[in-house]
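S.K.: Mind looking over this structure? Questions follow.
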Amino acid sequence: MKATELKELTVEELNGKLKDLKEELFNLRFQHAINQLENPHRITEVKKDIARVMTVLHAKNA
(Lines give C-alpha, C1' and ligand atoms only; values in the text may rest on other atoms or scores of the structure.)
Protein backbone atom coordinates (compact mmCIF):
# COMPACT_ATOMS: atom_id res chain seq x y z
CA MET A 1 0.00 0.00 0.00
CA LYS A 2 1.37 3.38 -0.98
CA ALA A 3 1.01 6.66 0.86
CA THR A 4 -0.39 8.34 -2.26
CA GLU A 5 -3.27 5.85 -2.26
CA LEU A 6 -3.93 6.56 1.41
CA LYS A 7 -4.01 10.33 0.94
CA GLU A 8 -7.02 9.94 -1.36
CA LEU A 9 -9.10 8.21 1.34
CA THR A 10 -11.36 9.98 3.81
CA VAL A 11 -10.72 10.00 7.56
CA GLU A 12 -13.48 7.43 8.14
CA GLU A 13 -12.01 5.10 5.52
CA LEU A 14 -8.55 5.51 7.05
CA ASN A 15 -9.89 4.64 10.49
CA GLY A 16 -11.52 1.52 9.07
CA LYS A 17 -8.31 0.57 7.29
CA LEU A 18 -6.36 1.06 10.52
CA LYS A 19 -8.77 -1.20 12.42
CA ASP A 20 -8.47 -3.92 9.75
CA LEU A 21 -4.67 -3.74 9.76
CA LYS A 22 -4.52 -4.01 13.56
CA GLU A 23 -6.77 -7.07 13.45
CA GLU A 24 -4.56 -8.62 10.78
CA LEU A 25 -1.44 -7.92 12.86
CA PHE A 26 -3.04 -9.57 15.87
CA ASN A 27 -3.91 -12.66 13.82
CA LEU A 28 -0.41 -12.82 12.32
CA ARG A 29 1.20 -12.61 15.75
CA PHE A 30 -1.11 -15.35 17.00
CA GLN A 31 -0.22 -17.59 14.05
CA HIS A 32 3.46 -16.89 14.63
CA ALA A 33 3.15 -17.88 18.29
CA ILE A 34 1.71 -21.28 17.41
CA ASN A 35 4.13 -21.81 14.50
CA GLN A 36 1.53 -21.70 11.72
CA LEU A 37 2.76 -18.53 10.01
CA GLU A 38 3.88 -19.17 6.43
CA ASN A 39 5.35 -15.72 5.71
CA PRO A 40 6.93 -14.03 8.76
CA HIS A 41 7.84 -10.97 6.66
CA ARG A 42 4.13 -10.14 6.43
CA ILE A 43 4.22 -8.97 10.07
CA THR A 44 6.77 -6.29 9.14
CA GLU A 45 4.74 -5.23 6.10
CA VAL A 46 1.57 -4.83 8.17
CA LYS A 47 3.41 -2.80 10.82
CA LYS A 48 4.69 -0.43 8.14
CA ASP A 49 1.20 -0.13 6.63
CA ILE A 50 -0.17 0.78 10.07
CA ALA A 51 2.49 3.46 10.40
CA ARG A 52 1.63 4.86 6.95
CA VAL A 53 -2.08 5.04 7.78
CA MET A 54 -1.39 6.73 11.13
CA THR A 55 0.93 9.26 9.45
CA VAL A 56 -1.70 10.20 6.89
CA LEU A 57 -4.36 10.43 9.61
CA HIS A 58 -2.22 12.78 11.68
CA ALA A 59 -1.55 14.92 8.62
CA LYS A 60 -5.27 15.18 7.83
CA ASN A 61 -6.14 16.06 11.44
CA ALA A 62 -3.51 18.79 11.66
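S.K.: Pairs of Cα atoms under 8 Å, at least six residues apart: use those to get the relative contact order of the chain, whole percent.
M.R.: Over the chain, the number comes to 50 percent.
S.K.: Give me the accessible area per residue for the chain, probe 1.4 Å, as a whole number in Å².
M.R.: Working: 4690 Å² over 62 residues.
Result: 76 Å² per residue.
S.K.: How much solvent-accessible surface does residue 34 expose, in Å² to the nearest 10, with a 1.4 Å probe and all protein chains in place?
M.R.: Probe radius 1.4 Å; accessible area of residue 34 about 80 Å².
S.K.: Further question: Any idea what angle helix 11-33 forms with the longest principal axis of the chain, computed on alpha-carbon atoms, 0 to 90 degrees, nearest 10?
M.R.: 10 degrees
S.K.: Rounded to the nearest 10 degrees, what's the angle between the helix 41-61 long axis and the longest principal axis of the chain, both from Cα atoms, 0 to 90?
M.R.: For helix 41-61, the angle is close to 20 degrees.
S.K.: Please give the Cα centre distance for segment 1-15 versus segment 47-62, rounded to the nearest Å.
M.R.: 8 Å
S.K.: Please give every one of the aspartates and glutamates within straight-line cross-link reach of residue 47, meaning a C-alpha to C-alpha distance under 16 Å, and leave out same-chain neighbours fewer than 8 residues apart.
M.R.: 20, 23, 24
S.K.: Give me the net charge for the shell around residue 27: Cβ to Cβ below 15 angstrom, other residues only, Lys and Arg +1, Asp and Glu -1. Don't skip to the answer; put the middle values down first.
M.R.: Working: positive: 19, 22, 29, 42, 47; negative: 20, 23, 24, 38, 45, 49.
Every neighbour counted, the sum reads -1.
S.K.: Over 5 Å intervals from 0, what percent of Cα-Cα pairs in the chain sits in each interval?
M.R.: Reading the bins upward from 0: 4, 19, 28, 20, 13, 9, 6, 2, 0.
S.K.: Going through the chain, which trypsin sites (Lys or Arg not before Pro) have at most 14 other Cβ atoms within 10 Å and a DSSP loop state?
M.R.: 2
S.K.: Still on this model: Can you find, among 31, 62, 6, the residue farthest towards the positive end of the dipole of the chain? Put +1 on the C-beta of Lys and Arg, -1 on that of Asp and Glu.
M.R.: 62
S.K.: Give me the percent of the accessible area of the chain that comes from carbon and sulfur atoms, probe 1.4 Å, all protein chains in place. Numbers along the way, then the final one.
M.R.: Details: 2450 of 4690 Å².
Within the chain, the accessible surface is 52 percent carbon and sulfur.
S.K.: Moving to a separate point now. Compute the longest continuous run of the chain that contains no exposed GluC sites (Glu not before Pro); treat a site as exposed when its DSSP state is not H, G, I, E or B and it has at most 11 other Cβ atoms within 10 Å.
M.R.: The reported range is 9-37.
The values are calculated or read from the model by the stated rules, or taken from the named source; none is laboratory data. No experiment lies behind these values; they were computed from the predicted model shown. Methodologically, a virtual Cβ is constructed for each residue, glycine included, from the backbone with ideal geometry; neighbour enumeration extends over all protein chains shown. For the accessible areas, the whole protein counts, side chains as well, though only heavy atoms, and no ligand, DNA or RNA atoms are used. Shrake-Rupley method; radii C 1.70, N 1.55, O 1.52, S 1.80 Å.
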